Amino acid sequence: MRRADKLPGVGTTIFTVMAQRAAQTGAVNLGQGLPDYPLDPLLIELVAEAMKAGHNQYAPMPGLPQLRECIARELSARHGIEVDPQDEVTITLGATEAIYSAMQALVAPGDEVIVFDPAYDSYDPAVRLAGAHCVHLPLLPPDFAMDWQRIEAAVTPRTRLIIVNTPHNPLCTVLSEADVAQLAALAERHDLMVLSDEVYEHIVYAPARHHSALAHPALRPRSVAVFSFGKSLHATGLRVGYCVAPRELTAELRKVHQFNTFSIATPFQHAIAAYLGRRPDAFAGLAPFFARKQQLLAQGLAGSAFRVIPAQGTYFTLVDYGACAPLAGLSDGQAAQRLLEQAGVASIPLTPFYQKPPLQTLLRLCIAKEDTTLRQAVERLANYG
Ligand code: GLN
């Protein structure tokens, strides 16, 4: 049978692979980024209420108006970012759909998209399925800094868009205000669009601060920012995300969205809007909540063979196994496998996030876990090596 092979080389994601292996071996799973603790029971009640109230048919294509209004109010209150909920906010099936629909809508065959490695695994396939291709620029250890000269040199007449991710998965860093200013100047100079993946926006540890692309006057007119209620409400299974972009970009994105997912789960949208009304401070608690979990892991591993890399945010933390004798000389993929089998802890290697992986000895651990889970993982890691 003749068929297209649109994503050659793409296999099952490292998140799914490690989750399956963890389940098979009974390892403590700090791999795939998802909480193992319950969500707020109020949200569950509100989903049930929404369904009982009959909100079970298609939602409006761009999303429930009251939810989009909540989003606009929140952006205004927290960052002073003014967005029009009618024409600039679209509810999507997680941030992943927002990224996919944005690429389908905004880039064309022959275009180049600049991404920074380690890059979240859905960017490159989304760009390729749109017929464009990614120019991968590495962020290198030890500090993973943005090299603006190198970025400028990578821009060609075919460059259409740059994807940034702040707070960054898997590096756990945030873009500084100076980086955002550099990005804005570059995008203006070359008339580029920016896709800003900000799904971990609420999980930033002081003194670091989140700098949204939407808050920068030069980036706002050329940026699509994507967000995730799955992350901010501790419920990745909701699959409700959203995308904020200027009117013209939103109009294009919605053309794709309406034929991709059309609209997003109605009862969830009602429940989230009601929830944000009842818990206006829901997001303010996220940074301290995760900072404490990060500390628990960092303090637990202090003095062990695993060096915890300082984190500025996200669901994750990086550890360096370079000084761990039983893992000496192993690639990060091998080290992750060895830790799973011998220490009983699942982690995520960084190599799958790079086009050309540098030599490094880092593994990503998910901190969105019960304290007991984290303590168990710490004990196993500390006793290993
Ligand atoms: N965002 C999650 C992570 O980084 C993975 C989601 C997925 O498995 N596709 O772990």
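Ellipticity at 222 nm from helices only: DSSP H runs of n ≥ 4 in the chain, each -39500 (n - 2.57), divided by the residue count, give -12000 deg cm²/dmol. In a reduced charge model with +1 at each Lys and Arg Cβ and -1 at each Asp and Glu Cβ, the chain shows a dipole moment near 620 debye about its Cα centre. The tail of the calculated P(r) for the range 132-216 beyond 22 Å holds 23 percent of all Cα-Cα pairs. Less than 19 Å from a label point 7 Å out along the Cα-to-Cβ axis of GLN20: which backbone N atoms in the range 121-149 qualify, by residue? In the range 121-149, the label zone of GLN20 (backbone N under 19 Å from the point 7 Å along Cα→Cβ) covers 121-122.
Karplus-derived 3J(HN,Hα) values for the range 142-152, using 6.51 cos²θ - 1.76 cosθ + 1.60 with θ = phi - 60°, are x, 10, 6, 6, 6, 9, 5, 5, 5, 5, 4 Hz; glycine and proline are entered as x.
For the chain, complete DSSP H runs whose alpha carbons reach 15 Å or more along their own long axis and whose mean Kyte-Doolittle score is 0.0 or higher are 14-25, 41-52, 94-106, 266-278, 286-301. Taking amide hydrogens as placed 1.01 Å from N in the peptide plane, the amide H of ASN169 sits under 5 Å from that of no residue at least 5 positions away in sequence or on another chain.
Shape of the chain from its Cα gyration tensor (a ≥ b ≥ c, root eigenvalues): rounded if a/c is under 1.5, otherwise prolate when a/b > b/c, or oblate? It comes out oblate by the Cα gyration axes. Taking 31 Å as the cut-off for C-alpha to C-alpha distance, list the pairs among LYS52/LYS231; LYS255/LYS356; LYS6/LYS255 that go past it. Cα-Cα > 31 Å for LYS255/LYS356; rest within. Between GLY11, GLY230, GLY313, the residue with the greatest mean-square fluctuation in the GNM of the chain (Cα pairs under 10 Å linked by springs) is GLY11.
Amide hydrogen proximity for SER228: with H placed 1.01 Å from N in the peptide plane, the residues at 5 or more positions away or on another chain lying under 5 Å are TYR242. Placing +1 on the Cβ of every Lys and Arg and -1 on the Cβ of every Asp and Glu, with no other charges, gives the range 1-109 a dipole of roughly 640 debye about its Cα centre.
Taking every C-alpha pair closer than 8 Å and separated by at least 6 residues, the mean separation divided by the residue count of the range 90-198 gives a relative contact order of 27 percent. For the range 228-363, the convex hull drawn through the C-alpha positions has a volume of 178 cubic angstrom per residue.
The amide H of GLY313, built 1.01 Å from its N in the peptide plane, has TYR205 as neighbours under 5 Å, considering only residues 5 or more places off or on other chains.
Using the Cβ-Cβ distance between ARG338 and VAL10 with R0 = 41 Å, the FRET efficiency computed as 1/(1 + (r/R0)^6) comes to roughly 0.95. In debye, nearest 20: dipole of the range 311-385 around its Cα centre with unit charges on the Cβ of K, R (+) and D, E (-)? It comes to approximately 120 debye.
For the range 336-385 versus the range 291-326, the inter-centroid distance based on Cα atoms is 10 Å. Among SER176, SER347, SER263, the order of accessible area from largest down is SER176, SER263, SER347, computed with a 1.4 Å probe on protein heavy atoms.
Full extension from ASP40 to LEU129: what is 0.36 nm times the residue separation minus their Cα-Cα distance, to one decimal in nm? Extending this stretch completely gives an extra 28.3 nm. For LYS369, the aspartates and glutamates whose Cα comes closer than 13 Å to its Cα, not counting residues fewer than 8 places off in the same chain, are ASP36. Hey, rough spin-label estimate for GLN149 and GLN299, points 7 angstrom out along Cα→Cβ, what's it come to in nanometres? Here the modelled spin labels are 4.3 nm apart.
The values are calculated or read from the model by the stated rules, or taken from the named source; none is laboratory data. Computed from a predicted model, the values in this text were never measured in an experiment. Heads up, the Cβs are rebuilt from the backbone with ideal geometry, glycines too, and the neighbour counts pull from every protein chain shown. Please note that ligands, DNA and RNA were not included when accessible areas were found on the heavy atoms of the full protein model with its side chains. Shrake-Rupley method; radii C 1.70, N 1.55, O 1.52, S 1.80 Å.
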